[in-house]
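Visitor: Just dropping this structure here.
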Amino acid sequence: MGNSASRNRLCRNKEIPTLITSSKLISSPVMVSAESSPETSSNGSTTPVHNGFRTPSITILHFNDVYNVEEQATEPKAGAARFKTALRSLADKDPLILFSGDILAPSIMSSFTKGEQMVPVMNQFGIHCAVFGNHDFDFGLERLVDVVERTHFPWLMSNVEDNETGCPLAGGILTHTMNWHGWKIGLVGLVEKEWLETLATINADEVTFTDYVDRGRELASSLKKEGCDYVIALTHMRTPNDIRLAENVEEIDLILGGHDHVYEELKVNGKTILKSGTDFREFSALTLTQQSKGVNVDIKKVVVDSAFEPDAELKEALSKYEEIVGKKMEEDLGSFSVDLDGRFSSIRTSETNLGNFVCDIMLASCNGDVALLNSGTLRSDRIHPKGEFKMRDLMTILPMLDPLLVLEVTGEKLLAALENGVSQYPKLEGRFPQVAGVQFVFDPNGEPGSRVVRDSVKIGDEYLDLTSTYRMVTKAYMKDGRDGYNMLVDCPILQDEEQCPMLSTAVQNHFTAIQSHLGKSRRNSIHRQSLVLLSRRHSLIRQDDEVPPSARGSGHARLGRSVSTDSALSTASSGSVSSACSKRSRWSLSRQESFHELEDLACKLAPKVEGRIVLATDEVLEELSMKRAMHSVSVIEEEDEPITPLSPKNKPNPLT
């Protein structure tokens, strides 16, 4: 009985036979047995020996989207150790255990461990096959590949190819075939383009996505021709996409999904679509029974409450990660060249270099036009001296799990949000904004709600258009109308919390990307969070978006995905608003400037105050009036001779 043999198709048109015994692809200490033996055919593929017996039914356990290994204060108590006990309670069924993605992040513990605690969890659960979820990429491709190599089961990624390797992304496989109690089961893993395009750590231009319907039909048909009795699609996509898959691919018999954190059972085109909850709170026990007219699917929801005792072995294995968290706090992330100003007296009344650093990363990780952060997010209330920056420093600044999201905002609502941000100045209110991709002037003597000088507001290097729409990266907290940002409540969500990283994770990824760019990581890859810090509304990005991929050189890194503000191009500006504004220096940049140089600048870790938020003075207002009259849209002028961003001529005028 149990699992006897498997063939994994790793890359398109490449089949690598793999015998499953008790090694890499089947280390199941909980409940798996393997009594029948495989034999290998002349073509190198694996042909199972069924010992002449096929059971009339088999059991499958399915779960998806699990994050917090700790038990909860209220029912269902959940927790990974209790979840293992619940799985084990069905060991007499010798079930096939399948997982539909999202396990490495987000959670408080994963912020420190990068999901390391989930390796023993997955292996002790005895998972037999999984598909990747979007949050499995939160800590980058190198990290995910490292985790995959240490799990005892295959991961599917059937419809996304890494152009760098020519194989499925993250070391996944195309299909997986198993023999389970005489049933020949074929598995494919399908994901949607929507979340793939939002991954901050993956270069979307360097992967090839094939529509899940087309690839699902192709691979399921192939599996049926190879003799599979039953084809299961493990998916990580929204329910409407699962429905579309069920409606259009006859060869797929069952869809076990993830991504939506719901318990949901649907019947579409005679096929069952199942989502099995979230966060170790529940899972599904499916019984597949062969009948004369097909296979009947019976589903039981198992709630992981206090009726199940935590498994002692897994509980002990997880206890050491509490110690790891303590050690991780002392881990060096990078080395800053300047002090970071996180004092409440600064960040709640003015632009600061710490606020610029964090907001630039927000914009880069979520591909926005503008980033807006309430300064109450930054909690350290101190100067962080230049030099080594540790995880403890990051957690002091960002102690909360703050999910990001991307909103579609009109220019009018963006202006209203800026007005709210400065409405309580000079009170030390947490609503005061820290920003990226935007610069503006405000008059502290104006009436609250009418303090922002409207002609001063620029997004990238365009003047604000009240009727245009913009991609705003912000926190879910602000979208909920907190700190007076009620103008954001009804704004459409372009990327939700599931499609964006946690803020602290995005900052960690920035340091990881620097290490990769400098060649200091184990696997230096094109897939990482962008270090080019420009708004999508910056003319350099607009020009780059107009260049077709075929026309780009091999060394050209397209900027259109993960970019931030002008900070990467800027050099020193005065810490004093008035002195910064009094300088008439021009900021120029050749359009031929190498994007690599812009990333080199980010690697210097020297964020500065740049004149993004400027207090109005008579001199400032007079200069604004002159520039508005003579200035068109772009602030970047092409030079006859390229000028490096470090040139003394290149200091930014915050009003330009």
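The values are calculated or read from the model by the stated rules, or taken from the named source; none is laboratory data. Bear in mind the structure is a predicted one, so any value in this text is a computation, not a measurement. Please note: Cβ atoms are built from the backbone with ideal geometry, for glycine as well, and neighbour counts cover all protein chains shown.
Visitor: If we keep just the residues of region 322-334 that are among the hydrophobic types (A, V, I, L, M, F, W, C) and outside any helix (DSSP H, G or I), which is surrounded by the most Cβ atoms within 10 Å (Cβ to Cβ)?
Guide: Only one residue fits best here, namely LEU333.
Visitor: In region 396-420, which residues are buried (at least 17 other Cβ atoms within 10 Å of the Cβ) and without any contact (Cβ under 8 Å) to a residue 60 or more places away in the chain?
Guide: THR396, ILE397, GLY411, LEU414, LEU415, LEU418, GLU419
Visitor: Same structure again: Of everything in region 163-183 that's touching a helix residue (DSSP H, G or I) at 6+ places or on another chain (Cβ under 9 Å) and of a type outside the set (Ser, Thr, Tyr), which residue is nearest to ILE127 (Cα to Cα)?
Guide: GLY172
Visitor: Have a look at VAL304, VAL338, VAL297, VAL325 and point out the one that is on the phi < 0 side of the Ramachandran plot and within 26 Å of the chain's Cα centre (by Cα).
Guide: VAL325
Visitor: Quick check: is even one residue across region 245-259 small (Gly, Ala, Ser), in a helix (DSSP H, G or I) and within 29 Å of the chain's Cα centre (by Cα)?
Guide: Yes, region 245-259 contains at least one residue that is small (Gly, Ala, Ser), in a helix (DSSP H, G or I) and within 29 Å of the chain's Cα centre (by Cα).
Visitor: Can I ask one more? For region 86-166, which strands (runs of 3 or more DSSP E) that fit wholly inside it have 2 or more residues that are in contact with a His (Cβ under 7 Å, 6 or more places away or on another chain)?
Guide: Because the criterion is at least 2 residues that are in contact with a His (Cβ under 7 Å, 6 or more places away or on another chain), the strands (runs of 3 or more DSSP E) in region 86-166 that meet it are 96-99, 129-131.
Visitor: Still on this structure, I have one more. Quick one: is PRO154 under 22 Å from ILE58 (Cβ atoms) and in contact with a strand residue (DSSP E or B) (Cβ under 7 Å, 6 or more places away or on another chain)?
Guide: When the stated conditions are applied, PRO154 passes them.
Visitor: Checking the conditions here, which among ASP242, ASP205 is acidic (Asp, Glu), surrounded by 21 or more Cβ atoms within 10 Å (Cβ to Cβ) and either assigned to a helix (DSSP H, G or I) or touching a residue at least 24 places away in the same chain (Cβ under 8 Å) (or both)?
Guide: When all the criteria are applied, what remains is ASP242.
Visitor: Moving to a separate point now. Sort through SER319, SER337, SER350, SER346 and tell me the only one that's surrounded by fewer than 17 Cβ atoms within 10 Å (Cβ to Cβ), in the same structural domain as LYS520 (by TED's automatic domain parsing) and not acidic (Asp, Glu).
Guide: Just a single option satisfies the conditions, and that option is SER337.
Visitor: Look at region 130-147 and say how many of its residues are of a type in the set (A, V, I, L, M, F, W, C) and closer than 11 Å to GLY172 by Cβ.
Guide: Looking only at that region, the number is 5.
Visitor: Report the residue count in region 358-408 for those that are hydrophobic (A, V, I, L, M, F, W, C) and more than 22 Å from the chain's Cα centre (by Cα).
Guide: Total satisfying the criteria: 2.
Visitor: Between ASP360, ASP393, ASP369, which is more than 17 Å from VAL422 (Cα to Cα) and surrounded by fewer than 23 Cβ atoms within 10 Å (Cβ to Cβ)?
Guide: None of the others qualify; the one that does is ASP393.
Visitor: OK, next. Which of (1) closer than 20 Å to LYS184 by Cα; (2) surrounded by 14 or more Cβ atoms within 10 Å (Cβ to Cβ) does SER292 not meet, given it meets every other one?
Guide: In the conditions (1) closer than 20 Å to LYS184 by Cα; (2) surrounded by 14 or more Cβ atoms within 10 Å (Cβ to Cβ), SER292 misses (2) alone.
Visitor: Say whether the condition of being touching a residue at least 60 places away in the same chain (Cβ under 8 Å) and in a helix (DSSP H, G or I) is met by at least one residue in region 447-458.
Guide: Yes.
Visitor: Quick one: how many residues across region 227-252 are among the hydroxyl-bearing types (Ser, Thr, Tyr) and modelled with pLDDT under 95?
Guide: Residues flagged as among the hydroxyl-bearing types (Ser, Thr, Tyr) and modelled with pLDDT under 95 within region 227-252 amount to 1.
Visitor: Does region 430-438 contain any residue that is farther than 23 Å from HIS538 by Cα and modelled with pLDDT under 95?
Guide: Within region 430-438, one or more residues are farther than 23 Å from HIS538 by Cα and modelled with pLDDT under 95.
Visitor: Of the residues CYS491, CYS500, only one is under 16 Å from LEU415 (Cβ atoms) and in a loop (DSSP other than H, G, I, E, B); which?
Guide: One residue alone meets the criteria, CYS491.
Visitor: Residues of region 255-280 being buried (at least 23 other Cβ atoms within 10 Å of the Cβ) and either over 21 Å from TRP195 (Cβ atoms) or not assigned by TED's automatic domain parsing to the domain that holds SER89 (or both), which ones?
Guide: Once the filter is applied, which keeps residues that are buried (at least 23 other Cβ atoms within 10 Å of the Cβ) and either over 21 Å from TRP195 (Cβ atoms) or not assigned by TED's automatic domain parsing to the domain that holds SER89 (or both), region 255-280 yields only PHE280.
Visitor: Within region 287-321, can you find the residues that are among the charged types (D, E, K, R), over 30 Å from VAL231 (Cα atoms) and free of Cβ contacts under 8 Å to residues at least 40 places away in the same chain?
Guide: GLU316, LYS320
Visitor: Look through GLU412, GLU408 and report the one residue that is in the same structural domain as VAL609 (by TED's automatic domain parsing) and in contact with a strand residue (DSSP E or B) (Cβ under 7 Å, 6 or more places away or on another chain).
Guide: GLU408
Visitor: Only residues that are buried (at least 17 other Cβ atoms within 10 Å of the Cβ) and either of a type outside the set (Gly, Ala, Ser) or under 20 Å from ASN420 (Cβ atoms) (or both): list them for region 380-389, please.
Guide: Residues satisfying the conditions are HIS384, PHE389.
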